[in-house]
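Reading through the structure tokens given below for one structure.
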Amino acid sequence: MERRQRMKVGFIGLGNMGSAIARSLIKAGHDLTVYNRTRSRAEPFKSLSAKIAQTPAEAAVDAEALITMLADDAAVEAVIFSPGNAIEALPADAVAISMSTISVEFSRRLARAHSEKQQHYLAAPVFGRPDAAAAGKLFIVVAGPPEQIGRCQPLFDAIGQKTFPIGDEAHAANVIKLAGNFLLTTVIESLGEAFAFGRKFGVDPHAFLDILTNSLFAAPVYRNYGSMIASDKFEPAGFKLPLGFKDNRLLLSAAEEAAVPMPMASVVHDRFVAALAQGLGESDWAAIARISYQDAGLRKEVAK
């Protein structure tokens, strides 16, 4: 199927990630109509020649593709199914693209609902933080009808460095996203424990990080999160801790439904609860490492 290079896009959700993605789409020449519940987040897009929608329906009404990048199932449900909703306004044959990290079951529900309206649906969650989104360097995991993936490839090319199509069943992309985020949390947890161990024996955390990331663990995830943990600096947050906690809950819920034991996910769940109890809700999700420091009696030493 021939790809169209320019598309009319409705874009809903202008948080840190959504704003960066929307800007990349505009820069690539796509025509955007944007909507955000807090209108002040949408206002800067006027100067970028985007239209500002007053309702989710207004963002969807003339769209060839409708992208949602929102915090959770409830936020997506509010714009798709609630009064002034997008699903009733989106034209037949348009494609809804959910880039939000949502539950597996809700993704299935979205696929059914859009199909009933003769619309198409792709799940296309992304890996990458806001700085990667701003640079157009996200990784996109997309699932759904192959012809619709091809149709929307110009959008994915504008925001990402690589697209991973993984089949016809849209919810598979959400499974992979949740699994990937789970693996990131296990990296953060293991780094937190390892740095607490090193600190307790007087090992300089930055020297420890330098050795680890220039030998066994050279991947960017170890460098980036390791640097935050070594410095005990988790603000400003690139990905707030409550969002990571939400993803952990979605993973455990889907795992329970499928009868998949995930004991490490349960450990991380308790770390998130402890971090929230310590008032770290505005911190980056890597702040769960502070719980390892506290458990080792290190908070006073780290604060010096």
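The table below gives the values:
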read-out: Helix 16-27 axis, angle to the chain major axis (alpha carbon atoms, nearest 10°); value: 50 degrees
read-out: For region 254-304 versus region 91-123, the gap between their alpha-carbon centres in whole angstrom; value: 33 Å
read-out: Isotropic mean projected area of the C-alpha convex hull, region 8-169 (nm²); value: 7.9 nm²
read-out: Sites matching GluC sites (Glu not before Pro) across region 89-169 that sit in DSSP coil, with at most 15 neighbouring C-beta atoms within 10 Å; value: Glu169
read-out: Qualifying chymotrypsin sites (Phe, Trp or Tyr not before Pro) in region 126-156, DSSP loop, other Cβ atoms within 10 Å at most 12; value: none
read-out: Under 21 Å from Lys233, Cα to Cα: lysines that are on another chain or at least 8 residues apart; value: Lys200, Lys300, Lys304
read-out: Long-range amide H partners of Gly160 with built H, under 5 Å; value: Leu138
read-out: Cross-link pairs beyond the 19 Å C-alpha cut-off, checked among Lys162/Lys246; Lys137/Lys177; Lys177/Lys246; Lys27/Lys51; value: Lys162/Lys246
read-out: Centre separation in Å (Cα based) which lies between region 17-74 and region 155-187; value: 22 Å
read-out: Highest to lowest packing among 230-242, 57-69, 286-298, scored as the average C-beta count within 10 Å; value: 57-69, 286-298, 230-242
read-out: Separation in nanometres of the label points that stand 7 Å from Cα toward Cβ, at Leu276 and Ala78; value: 1.7 nm
read-out: Percentage of interatomic Cα-Cα distances in region 175-303 larger than 25 Å; value: 23 percent
read-out: On Cα atoms only, tilt of 104-116 relative to the major axis of the chain in degrees; value: 0 degrees
read-out: Simple spin-label estimate for Ser231 and Ile166 in nanometres, 7 Å along Cα-Cβ; value: 3.1 nm
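No lab work stands behind these numbers, since they all come straight from the coordinates. Everything numeric here is computed off the predicted structure, so don't read it as measured data. When we count neighbours, we look across all protein chains shown, and the Cβ atoms used for this are built from the backbone with ideal geometry, even at glycine.
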